[in-house]
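Worksheet: one structure, shown below.
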Amino acid sequence: MWNLYLKSNEGVAIQTTFENIKECFNQINENIYIGTVRYIDYDSDIFSSDKSFAFNFLRAFLHKRKSYSHENEYRAIIWDNGSSELKMLASNESGIYIPVDLNILIEKIIVTPDSEEWFIELVTEMMVIYKLNKEVVRSVLDEKPPKFIL
């Protein structure tokens, strides 16, 4: 995973849960739909056929090519039934700022397995500066699996 998204050994991943994502957006007075991305073959698979137009419209944003299935992605979509709002959202390249409580969203911060110690210290200092009481850990992806004796 790290090699797919980074050009160096300095990177972080934010670990969260679906429940934390829901809790963050429950505090916002917006119509937000949170869903799991479905990874499909665009040549042979079809979108779901729910009878609700709004639901089908939103489902279009919850599909990606099968080659991205390793991402196991969730998406949060703001839904406003007003067509002028939808047009504005579609044309706004920078997105919409939605304030969330990072102390609720973030479970832990994971740094690359081969990060230098200074990088881990830097990320830990950022947690203190931004008042995030979250654990910073090194990824274990490069470690050998445990030995089992049968």
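The length gained on full extension between residue 149 and residue 36, counted as 0.36 nm times the residue separation minus their Cα-Cα distance, comes to 36.9 nm.
Using the 10 angstrom Cβ neighbour count as an exposure proxy, how do 4, 150, 122 rank, fewest first?
On the way: 4 7, 150 2, 122 14.
The order, fewest Cβ neighbours first, is 150, 4, 122.
Of the GluC sites (Glu not before Pro) found in the stretch 107-150, those in coil by DSSP whose Cβ has at most 16 other Cβ atoms within 10 Å are 107, 116, 143. Legend: distances between Cα atoms for 64/108; 22/144; 64/147; 108/147; pairs beyond 30 Å are 22/144; 64/147.
Only the coordinates and a few stated rules stand behind these numbers; no lab work does. Note that the structure is a prediction, hence the values are computed from the model and not measured. Cβ atoms come from the backbone with ideal geometry, glycine included; neighbour counts cover every protein chain shown.
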